[in-house]
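Undergrad: Take a look at the following structure, please.
The values are calculated or read from the model by the stated rules, or taken from the named source; none is laboratory data. Here the structure is a predicted model, which is why all the values come from computation and not from measurement. Note that we place each Cβ from the backbone using ideal geometry, even for glycine, and neighbour counts take in every protein chain shown. Heads up: the accessible areas ignore ligands, DNA and RNA and are worked out on the full protein's heavy atoms, side chains in. Shrake-Rupley method; radii C 1.70, N 1.55, O 1.52, S 1.80 Å.
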Amino acid sequence: MFVGSNYMRIITIILLFFNLTCFSQTKLDFGEIRGKNISDCIDTTDGEICQSKNQLEIWFTETTFLEGNYNAIYLSYNGVRWTALKHEGDSTSNRVEKYRLFPIESFESIFSALKKNKIFILPDQKELKVKNPGDDGDEYVLTFKAGEKIRTYQFNNPRLNLKYNKDIPEFENFVNIIEILFNSFRKEIN
């Protein structure tokens, strides 16, 4: 009887440990965040992100106006699980392909790289004093919900602007964010 009692205690401890490690929520450390409070979110201007119950939402869209194409990455974390989706669209044919994405390394490393590139505090490009060399037709819109803060900012021609505005470090961050979000994932293989 004594052996069975110890056995049950060990099983209970193992199950408790498994439950705590597999199903516990992890609160992300966002660092500094520039944005408005989620309580000030307006569905008509801020969209569906206002309704999200996730700890983190990052919606990133690249639009190439010359070709009529767009790519969107949706990265989210609900406290337990990360998810990533990609939408590829063509406005001339109204075609949209949707994919589930998986990190090449890990979601945590992607999140860390995005934070390192100041994703939550970068300014809108309109706030920068840019020597504008021209327009390559690429526009980027980044919307995030991080904890209780939300924000949208835009930038365009980041590679071209980086070349002609080396004194503005934000363009390097913009370029890095593009690279991280579009090159750190692989598509789900069906």
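Undergrad: For the stretch 84-94, just list the computed ³J(HN,Hα) in residue order, Karplus coefficients 6.51, -1.76 and 1.60, θ = phi - 60°, integers in Hz, with x standing in for Gly and Pro.
TA: Karplus-based 3J(HN,Hα) across the stretch 84-94 equals 9, 10, 10, 10, 10, x, 10, 6, 6, 10, 6 Hz.
Undergrad: Hey, another quick one. For residue 166 and residue 132 in the same chain, what is the full-extension length gain: residue separation times 0.36 nm, less their Cα-Cα distance, in nm?
TA: Full extension of this stretch gives 11.0 nm more.
Undergrad: Here is a follow-up. If a paramagnetic tag sat 7 Å from the Cα of residue 102 along the Cα-Cβ line, which residues of the stretch 146-190 would have the backbone N under 13 Å from that point?
TA: 185-190
Undergrad: How far is it, in nm, from the label point at residue 40 to the one at residue 66 when both lie 7 Å from their Cα along the line to the Cβ?
TA: 3.8 nm
Undergrad: Taking the Cα centre as origin and putting +1 on Lys and Arg beta-carbons and -1 on Asp and Glu beta-carbons, what dipole magnitude results for the stretch 120-171, to the nearest 20 debye?
TA: 140 debye
Undergrad: With a cap of 14 neighbouring Cβ atoms within 10 Å, and only residues DSSP puts in a loop, list the trypsin sites (Lys or Arg not before Pro) found in the stretch 109-160.
TA: Answer by residue number: 129, 131.
Undergrad: Subtract the Cα-Cα distance of residue 78 and residue 124 from 0.36 nm times their separation in residues, and report this length gain in nm to one decimal.
TA: My answer for the length gained is 13.9 nm.
Undergrad: While we're looking at this one, here's another question. With a 1.4 Å probe and every protein chain left in place, work out the accessible area per residue of the stretch 39-184 in Å², rounded to a whole number.
TA: 53 Å²
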